[in-house]
1. Top mean-square fluctuation among 67, 124, 143, Gaussian network model of the chain, C-alpha springs under 10 Å?
2. Report, in deg cm²/dmol and to the nearest 500, the calculated mean residue ellipticity at 222 nm for the chain, where each DSSP H run with n ≥ 4 adds -39500 (n - 2.57) and the sum is divided by the residue count.
3. Simple spin-label model, 7 Å along Cα-to-Cβ: residue 42 to residue 16 in nm?
4. Could you tell me, in Å, what Rg and Dmax come out for the Cα atoms of the chain?
5. Please find the FRET efficiency linking residue 168 to residue 110, where r is the Cβ-Cβ separation and R0 is fixed at 45 Å, and quote it to the nearest 0.05.
6. When the chain is modelled as a GNM with alpha-carbon springs shorter than 10 Å, which of 165, 74, 180 fluctuates the most?
7. Quick check: pseudo-label points 7 Å beyond the Cα along Cα→Cβ at residue 119 and residue 160, how many nm apart are they?
8. Which one of 164, 27, 40 has the biggest mean-square fluctuation once the chain is modelled by GNM with Cα springs under 10 Å?
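Taken together, the values in this text are just the output of simple stated rules run on the coordinates, not laboratory data. All values derive from a computational prediction rather than experimental measurement. Note that each Cβ is placed from the backbone with ideal geometry, even for glycine, and that neighbours are counted across all protein chains shown.
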């Protein structure tokens, strides 16, 4: 793993393969190991940058909520560090949310976007309330209950029954996050920052 200082935090990432650059961004609350099954094949044609987003995996939280603006700036810092002026960006869930913000701020660096299980619009009032309640609950009760709920939400019953290895791999990734990590990601999670404007 490589390390990078970005703003008020230290980020961890991996680089593999050779060819045109592609950046693969994992969903919350996982980390770059989300791509373990696909990365070896894709790296035969592309130079992959596989970061742990701020507060995920081995990357540090920094100060305050994990906003899309911070994540977009972290991504720009990663590209500078690795000499990448233009790349293909692939984002799942929070990885996609941050790519909408990255596009607003750094669109000249985007060769192509691949967005999966994400949305461009602002969230509902109910969604925001739920996120903030999750943040408070994790800080008060710890991460164990949250992780088990997420496993149920993210992994189908058939997969949970037939592929305990996938369930355990996801659990291990989630367990890398502290209560503070999860809470601050939840506080900064909406698809668009409140100061996003009308671009």
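1. Maximum fluctuation in the GNM of the chain, among the listed residues, is at 124.
2. Values: 8 runs with 87 residues, N = 199.
Theoretical 222 nm ellipticity from helices: -13000 deg cm²/dmol.
3. 1.1
4. 16.3, 46
5. 0.80
6. Of the options given, 165 has the highest mean-square fluctuation.
7. Between residue 119 and residue 160, the simple spin-label model gives 2.3 nm.
8. So, out of 164, 27, 40, the one fluctuating most is 164.
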